[in-house]
Amino acid sequence: MQSFQIGKNESGQRFDKYLKKLLPLAPKSFLYKMLRKKNITLNGKKADGSEKLCLNDEVKLFFSEETFVRFAQTVLKSPGKDQKAATGIGYPETALDIVYEDDDILIINKPAGMLSQKAKREDISANEYIIGYLLRQHVITQEELVTFRPSVCNRLDRNTSGLLIAGKSLKGLQDMSRQLSSRSASKYYRCLVKGKMERQETVKGWLIKDKGNNQVQIFPSELPDSKYVETRYTPVAYYRETASGGKGKCLIKIRESDILGQGGGYTLLEVELITGRSHQIRAHLASVGYPIVGDFKYGDKKTNDWFSHHFQIKYQMLQAYCIKLSDGREFKAPPAREFLQVLGPL
């Protein structure tokens with residue numbers, strides 16, 4: 001017989017969903033059969049699986065240890081292993097740039113080059129680093145990961161830096177996911193683009209993703225399988241190239257009137273996502289003639305080569321720098337290393 005007590009991250013969900021997480025390899029027919037035969041009970045009583053779990057509810061499984069191990073795809077821990085598991089062994093460790101943390105959420109400043117979530121089974125992403133951190137801080141235990149896994153709530157492209165929100169608890173995960181999907185939380189980015197954007201613009205279009213090459217296209221009107229996209233861009237500052245005392249080139253901040261012509265210089269933009277689609281900012285800006293510096297998928301090759309040579313820029317200059325939550329809280333990331341290299345203090 002196995003016994004489990006419902007914690008805060010399991011409460012509030014249906015009993016049958018909890019059982020499927022606890023025994024992921026068990027067929028649903030098996031779980032419902034065990035419920036009918038009272039081989040699985042809730043607080044010592046027969047249950048049908050539709051019950052909503054409450055904090056401190058007791059779940060008992062009246063079948064052999066061998067059966068449990070087979071359907072749980074795990075082994076029962078001997079007493080000496082719990083302490084070992086809580087240290088985070090088996091999860092990768094890196095120094096996380098933590099912007100904010102409370103009991104329910106964790107916000108990190110993700111560096112460019114780190115995945116937000118796994119794309120392939122063998123990948124290591126921010127999700128794994130966050131779980132490892134929470135295990136080492138004794139915020140969660142290895143056992144709790146069976147029925148609840150902390151997870152990032154918003155996604156950033158691998159080569160985009162900036163704020164990544166993770167739900168540490170079920171409450172935090174559900175609340176952040178709800179705010180992001182309803183747009184009651186606002187996300188702001190900064191990027192450096194080629195050309196002069198003179199005024200705030202709200203750009204609309206229709207996006208189609210080619211999953212084969214992980215690339216999107218923006219179209220002016222709706223097409224089959226397309227998704228509506230809308231993005232607002234606001235110029236923050238203008239820059240142009242200049243000689244730097246015989247030491248090559250650099251960018252200097254200038255007045256708007258010093259950029260002549262549509263294609264001159266570079267513009268630092270603040271970007272507000274009205275919709276949130278894969279590669280939306282990058283493809284949208286490129287489609288209207290303002291490619292992001294360092295974007296090797298949608299950007300301008302000559303521009304990218306120049307910045308790679310003079311500043312060693314290997315990632316797109318795009319950062320998720322600010323998030324405003326529905327309760328009024330606002331979080332900002334410090335400027336990414338690439339921005340400081342090229343533009344100096346912002």
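Considering each residue of the range 158-168, count those that are farther than 10 Å from residue 318 by Cα and either among the aromatic types (Phe, Trp, Tyr) or open to solvent by 10 Å² or more (accessible area, probe 1.4 Å) (or both), and give that number.
Qualifying residue count, the range 158-168: 2.
Which numbered condition trips up residue 217, out of (1) touching a strand residue (DSSP E or B) at 6+ places or on another chain (Cβ under 9 Å); (2) free of Cβ contacts under 8 Å to residues at least 60 places away in the same chain; (3) of a type outside the set (Gly, Ala, Ser)?
Checking residue 217 against (1) touching a strand residue (DSSP E or B) at 6+ places or on another chain (Cβ under 9 Å); (2) free of Cβ contacts under 8 Å to residues at least 60 places away in the same chain; (3) of a type outside the set (Gly, Ala, Ser), the one that fails is (2).
Mind checking whether some residue in the range 239-254 is surrounded by 14 or more Cβ atoms within 10 Å (Cβ to Cβ) and within 19 Å of residue 157 (Cβ to Cβ)?
no
Mind counting the residues in the range 318-328 that are surrounded by fewer than 21 Cβ atoms within 10 Å (Cβ to Cβ) and either free of Cβ contacts under 8 Å to residues at least 24 places away in the same chain or of a type in the set (Ser, Thr, Tyr) (or both)?
3
When the residues of the range 8-41 are narrowed to those that are under 16 Å from residue 147 (Cα atoms) and of a type in the set (A, V, I, L, M, F, W, C), which ends up most open to solvent (accessible area, probe 1.4 Å)?
Once the filter is applied, the top-ranked residue is 25.
Mind checking which residues of the range 1-51 are in a strand (DSSP E or B) and β-branched (Val, Ile, Thr)?
40, 41 - these are the residues of the range 1-51 that are in a strand (DSSP E or B) and β-branched (Val, Ile, Thr).
Would you confirm, using the coordinates I've provided, whether residue 55 is of a type outside the set (D, E, K, R), in a loop (DSSP other than H, G, I, E, B), open to solvent by 50 Å² or more (accessible area, probe 1.4 Å) and closer than 21 Å to residue 172 by Cβ?
Here the answer is yes, as residue 55 does meet what is asked.
Name, by its number, the condition in (1) closer than 22 Å to residue 7 by Cα; (2) within 13 Å of the chain's Cα centre (by Cα); (3) among the hydrophobic types (A, V, I, L, M, F, W, C) that does not hold for residue 114.
Looking at each condition in turn, residue 114 falls short on (1).
For residue 179, state whether it is polar (S, T, N, Q) and open to solvent by 40 Å² or more (accessible area, probe 1.4 Å).
no
Kindly check whether there is at least one residue in the range 260-279 that is modelled with pLDDT of 95 or more, in contact with a strand residue (DSSP E or B) (Cβ under 7 Å, 6 or more places away or on another chain), surrounded by fewer than 19 Cβ atoms within 10 Å (Cβ to Cβ) and within 22 Å of residue 206 (Cα to Cα).
Yes.
Six or more apart or on different chains, Cβ atoms under 6 Å: show the pairs whose first residue is in the range 129-150 and of a type in the set (Phe, Trp, Tyr) and whose second is surrounded by fewer than 17 Cβ atoms within 10 Å (Cβ to Cβ).
129/92; 129/94
For the condition of a type outside the set (A, V, I, L, M), farther than 27 Å from residue 139 by Cβ and either modelled with pLDDT under 85 or within 35 Å of the chain's Cα centre (by Cα) (or both), what is the one hit in 16, 57?
Sole residue among the options that is of a type outside the set (A, V, I, L, M), farther than 27 Å from residue 139 by Cβ and either modelled with pLDDT under 85 or within 35 Å of the chain's Cα centre (by Cα) (or both): 16.
Failed condition for residue 66, given (1) open to solvent by 50 Å² or more (accessible area, probe 1.4 Å); (2) modelled with pLDDT of 90 or more, with all others met?
With respect to (1) open to solvent by 50 Å² or more (accessible area, probe 1.4 Å); (2) modelled with pLDDT of 90 or more, residue 66 is out only on (2).
The values are calculated or read from the model by the stated rules, or taken from the named source; none is laboratory data. From a predicted model like this one, the values you see are computed outputs, not experimental measurements. Using ideal geometry, Cβ is built from the backbone for each residue, glycine included, and neighbour counts are taken over all protein chains shown. For accessibility, only protein heavy atoms count, side chains too; no ligands or nucleic acids. Shrake-Rupley method; radii C 1.70, N 1.55, O 1.52, S 1.80 Å.
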